[in-house]
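None of the figures in this text is laboratory data; all of them are computed from the coordinates on show. This is a predicted model, so every value here is computed, not measured. Cβ: placed from backbone, ideal geometry, glycine included. Neighbour counts: every protein chain shown.
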Amino acid sequence: MDASEVAKHWEANADAWTQQARRGLDVFRDALNSPAFFGMLPPVSGLHGLDVGCGEGSNTRNLARLGARMFAVDIAPTFIRHAQDAERAASLNIDYRVADAMALPFDAGSFDFVTAFMSLMDMPDPARAVREACRVLRPGGFLQFSILHPCFVPPHRKVLRDRNGKARAIQIGGYFEATDGRVDSWWFSTLTNRERKKVESFNTPIFHRTLSQWFDVVTGAGLVVAQLGEPTAGADSSYIEAVLDDTRVAPLSLHMRATRLAT
């Protein structure tokens, strides 16, 4: 599957995704993944940043609120339209553009940092995307990204639950099988069955790689891994029973920060 086909899928998802995410239905993002990402993020106030695969711009806006001067790109025009609408409604001085993360429209050394929230695993050539991120980084800058955890979200994944519905194990398979654009259909888990009858499921192309392959992607681009994160829901999470309890068994996402050497 090439980038144009991926773009068609995300463009088809964009309206419903924006509406549902802004209703608070993306609990994994809002209650766990994004807070963990920002908890690992170095200070960005006063820095120039680029958010790749920004979607409707929620996390880009949070980066801007931390004091960063933000640029953001997404391959789906409808996502960018929604992000630009939010910018016009309450400006944070964010520059949103329709662009492919595998061919960034920026000069080398333009940014102090690059972020990618749950987007790199949706790209046909993540190695090329990471090389592009490295190219636009200034020496000493960093890339921080989150992806589906390659060890615990391989091509086959099933949550095994006890009689009370609590997650007790994760069944996985096909770890060494690369998926080059397998399309998964799903809804946010918080969307009711009644609502699911009224809206189409999301169709998202997935490009699974093993953990070692992801390390090769990052180091092959000329970056040095600085920190890893594996978010898990704590006991104080109000969503733990219904949505996030499986992350206490094994993480759903992997976070990584890598630095471009100053030399």
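The table below lists the values:
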| read-out | value |
| --- | --- |
| Within the chain, helix-based [θ] at 222 nm, where runs of 4 or more DSSP H residues each add -39,500 (n - 2.57), nearest 500 | -8500 deg cm²/dmol |
| Interatomic Cα distance distribution for segment 92-199, bins of 10 angstrom, percent | 11, 30, 29, 21, 9, 1 |
| Cα-centre dipole for segment 3-260 with unit charges at Cβ (Lys and Arg positive, Asp and Glu negative), debye to 20 | 420 debye |
| Shape of segment 1-130, Cα gyration tensor, a/c cut at 1.5 | rounded |
| Computed log₁₀ I(q)/I(0) - Debye formula, equal Cα scatterers, no solvent, segment 127-263, q 0.10, 0.12, 0.13, 0.19 Å⁻¹ | -0.44, -0.62, -0.71, -1.19 |
| Highest-fluctuation residue, Pro105, Pro155, Pro124 considered, GNM on the chain with Cα pairs under 10 Å | Pro105 |
| Listed residues Leu32, Leu63, Leu160, most fluctuating in the chain (Gaussian network, C-alpha, under 10 Å) | Leu160 |
| Amide N proximity, segment 18-43 versus Arg138 label position 7 Å along Cα-to-Cβ, cut-off under 15 Å | 43 |
| Evaluated at q = 0.08 Å⁻¹: base-10 log I(q)/I(0), Debye formula over Cα of segment 3-260 | -0.30 |
| Dipole in debye (nearest 20) - segment 190-235, about Cα centre, beta carbon charges: Lys, Arg +1; Asp, Glu -1 | 360 debye |
| Where N is the number of residues in segment 132-187, Cα Rg divided by 2.2 N^0.38 Å | 1.68 |
| Computed FRET value (nearest 0.05) for Lys198 with Val159, which takes r as the C-beta separation and R₀ as 22 Å | 0.30 |
| Euclidean distance between Cα centres, segment 168-185 to segment 147-166, Å | 10 Å |
| Three-way shape label, segment 157-214, alpha-carbon gyration tensor, a/c 1.5 | oblate |
| Calculated FRET efficiency for the pair Arg23/Ala108, C-beta based, R₀ 30 Å, to 0.05 | 0.15 |
| Amide hydrogen neighbours beyond the local backbone of Asp95, cut-off 5 Å, H modeled | Met70, Phe71, Ala72 |
